[in-house]
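The numbers here are math on the coordinates, done by the rules we state, and not lab data. Bear in mind the structure is a predicted one, so any value in this text is a computation, not a measurement.
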Amino acid sequence: MGEAMVMRDAERAFRDWRRSKRTKEIPEQLWANAVRVASVHGLTKTCERLRLNPTRLKERCERAASGRGFVELAASELRLAEELVVELEDAAGTRLRLVLRGASVEAVTAAAKELWSATR
């Protein structure tokens, strides 16, 4: 997806939210989109185009940057379910979504590692 398209999509999403405004707070998904746009277009341009508070977006960008990296989940902490959905996203925004039925935690981990490394 082109950089201009990412900005236009974010502008459209914020405009739609502002029109419907079911909640006072900006939804997390919109903040995530704004952070992604700011990583490409910069903080100032993103705030101007999306009509956001620069201080709040900067804080979100800093939190996102510090939270990047490896996240380890202990298998003992995960509940087994009939269907398991795993979503991965790297710093560049590349996404991988797995929907597995009847799989063990070990099988999910192995599948995610194999598929994620194959997309590189």
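Using the Cα atoms of the range 3-66 to build a convex hull, what is its mean projected area in square nanometres?
3.9 nm²
Straight-line reach only, C-alpha to C-alpha below 16 angstrom: list the lysines that LYS45 could link to, leaving out same-chain residues fewer than 8 apart.
Answer for LYS45, where 16 Å is the Cα cut-off: LYS58, listed by chain and number.
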